[in-house]
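Peer 1: The structure under discussion is supplied below as structure tokens; questions concerning it will follow.
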Amino acid sequence: MTPLPIDSLLPEIVTGLCAHKSIVIEAAPGAGKTTRVPPALLPLVKGEVLVLEPRRLAVRMAARRVAAERNERVGETVGYQVRFESIGGPDTRLRFVTEGVLTRRMLDDPELKGVGAVVLDEFHERHLDGDLALALLRRLQQTSRPDLRLAVMSATLNAGPVATFLGDCPVVRSEGRLYHLRISYTPHSAAELEDQVLDAIETLLRDGLDGDVLVFLPGAAEIRRSSRALASLAARNGFVVLPLHGDLSPAEQDRAVTPGPQRKVILSTNVAESSVTIDGVTAVIDSGLARVASDSPWTGLPSLDVKRISQASAIQRAGRAGRTAPGRVIRLYTADDFHRAPRRMFPRFCAANFRGWSCSFAR
């Protein structure tokens, strides 16, 4: 296996979990926390190690990467479970799951029998399922399962409040392995978003693009419009345009993230923002937008609104371009917009709906 920055800290992580039962790991993109920390916990516990990921795509990709590093197929020691799909067997001890799967499992088995450790990955994203999972696991650890080990991991998490919530547990920090990134900003433009993406792709081609391009867009509608706008340019330059979002089938998602013979422009929502490396990507185009779940204070009805991303999300997105080689990032907004953005997003439900436990580690 290729050495990664987190490898040197694995003994400290294991020792911390032995002594304190909980640990917070803050590791920059490229450190290897998703693929190296969970297998290192297997000798520490007797039962399963569950790894919570915020998205189904991350679950499948992480399981495949870890299994490949162990020279195994998925379903042997390493498996995964998402909605409507479960890959595993009698020998599976490391299981990647979505947070909703854990909630469902705890309804059926409140004590998580047979589970020795739970890892909450990419916790900085802060949504209801993740916060609920941490609260339930912490209560379980304090009551009937004092042997349960908990690890919370993220690249851009404010680790202090989470460590306090977990009983003043240790915090381990690791630098990432990120190649040089050339980041450029774009002046304000009245052009449609798909036209801005087209201009950015043309700029990369003029500068001698070498590798695949990952474009972050707010949703599937913007992906479809950008795909149509790029069709002619793709045909002239011999690259393929592929969508990547949560409504696609697993086969369609795999096609976008699996290396192929042609150069690719991957039009993605924030499903590709964290957790996994997409091999071959050397350039990122960031719209600076994302669709965020919200609700009306007047009606209480849920909605998906397009909003500006935080600095933490922008850093995560840029990091996708520098994981395997020097990269290029074009942000479709100004440097002033970046510096005015909040450092990180807080969960929308915190102040309105969960004035108690969830807010205790939100600030």
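Please treat every number below as a calculation from the coordinates, not as lab data. Source: prediction; values computed, not measured. Neighbour counts are summed over all protein chains in view; Cβ atoms, including those assigned to glycine, are modelled from backbone coordinates with ideal geometry.
Peer 1: Could you tally the net charge around G260, taking each other residue with its Cβ under 14 Å from the Cβ of G260, Lys/Arg +1 and Asp/Glu -1?
Peer 2: -1
Peer 1: Moving on. Between S144 and A325, take the C-beta separation as r, use R0 = 56 Å, and let me know the FRET efficiency to the nearest 0.05.
Peer 2: Efficiency for this residue pair is about 0.70.
Peer 1: Please give the length that would be gained between V45 and A221 if that part of the chain were fully extended, namely 0.36 nm times their separation in residues minus their C-alpha to C-alpha distance (nm, one decimal).
Peer 2: Extra length available between V45 and A221 comes to 58.8 nm.
Peer 1: Using the beta-carbon distance between D247 and Y185 and R0 = 45 Å, what value does 1/(1 + (r/R0)^6) give for FRET efficiency, to the nearest 0.05?
Peer 2: So the FRET efficiency works out to roughly 0.90.
Peer 1: Compare the Cα positions of G319, S303, H127 along the charge dipole of the chain (+1 at Cβ of Lys, Arg; -1 at Cβ of Asp, Glu; about the Cα centre) and return the one farthest towards the positive end.
Peer 2: Working it through, the farthest residue towards the positive pole turns out to be H127.
Peer 1: If you count the DSSP beta bridges with both ends in the chain, what percent of them are antiparallel, to the nearest 5?
Peer 2: Around 15 percent of the beta bridges assigned by DSSP in the chain are antiparallel ones.
Peer 1: Please work out whether the stretch 191-269 counts as rounded, prolate or oblate from its C-alpha gyration tensor, where a ≥ b ≥ c are the square roots of the eigenvalues and a/c under 1.5 means rounded, while otherwise a/b larger than b/c means prolate and anything else oblate?
Peer 2: It is oblate, given that a/c is not under 1.5 and a/b is not larger than b/c.
Peer 1: Let me know the Kirkwood hydrodynamic radius for the chain, please, with Cα pairs as the basis and the value in Å to one decimal.
Peer 2: Taking every pair of different Cα atoms in the chain, averaging 1/r and inverting gives 21.2 Å.
Peer 1: Could I ask something else about it? Which of Y80, P110, P43 sits closest to the plus end of the dipole of the stretch 17-146, meaning its Cα is farthest towards the positive end, when Lys and Arg get +1 and Asp and Glu get -1 on the C-beta?
Peer 2: P43
Peer 1: Would you mind calculating the relative contact order of the chain from Cα pairs under 8 angstrom and at least 6 residues apart, reporting the percent as a whole number?
Peer 2: It rounds to 19 percent for the chain.
Peer 1: Here is a follow-up. When 1/r is averaged over all different Cα pairs and the result inverted, which Kirkwood radius in Å belongs to the stretch 51-106?
Peer 2: Evaluated over the stretch 51-106, this radius sits at 10.9 Å.
Peer 1: Could you calculate the contour length gain from R104 to K307, that is, 0.36 nm times the residue separation minus the distance between their Cα atoms, to one decimal place in nm?
Peer 2: My answer for the length gained is 70.1 nm.
Peer 1: Under the classification rounded if a/c is under 1.5, otherwise prolate if a/b is larger than b/c and oblate if not, where does the stretch 5-176 fall, given a ≥ b ≥ c as square roots of the Cα gyration tensor eigenvalues?
Peer 2: rounded
Peer 1: How much length is gained on full extension from W298 to R173, taking 0.36 nm per residue of separation minus their Cα-Cα distance?
Peer 2: Additional length available on full extension: 40.8 nm.
Peer 1: Could the peptides 323-333, 56-66 be put in order, highest first, of the mean number of other beta-carbon atoms found within 10 Å of their residues?
Peer 2: Descending packing order for the listed peptides: 56-66, 323-333.
Peer 1: Starting from the 7 Å offset along Cα-to-Cβ, what nm value, one decimal, do you get for the label separation of R228 and R263?
Peer 2: 2.6
Peer 1: While we're here: Could you order the peptides 265-271, 127-133, 81-87 from most to least packed, using the average number of other C-beta atoms within 10 Å per residue?
Peer 2: Top to bottom by mean Cβ count within 10 Å: 265-271, 127-133, 81-87.
Peer 1: Taking the Cα centre of the stretch 5-176 as origin, sum charge times position over the Cβ atoms of Lys and Arg (+1) and Asp and Glu (-1), and report the length of that vector in debye to the nearest 20.
Peer 2: For this selection, approximately 260 debye.
Peer 1: Within 10 Å, count the other beta carbons around each residue, average over each peptide in 115-123, 45-53, 236-244, and list them highest first.
Peer 2: So the order, starting with the most tightly packed, is 115-123, 45-53, 236-244.
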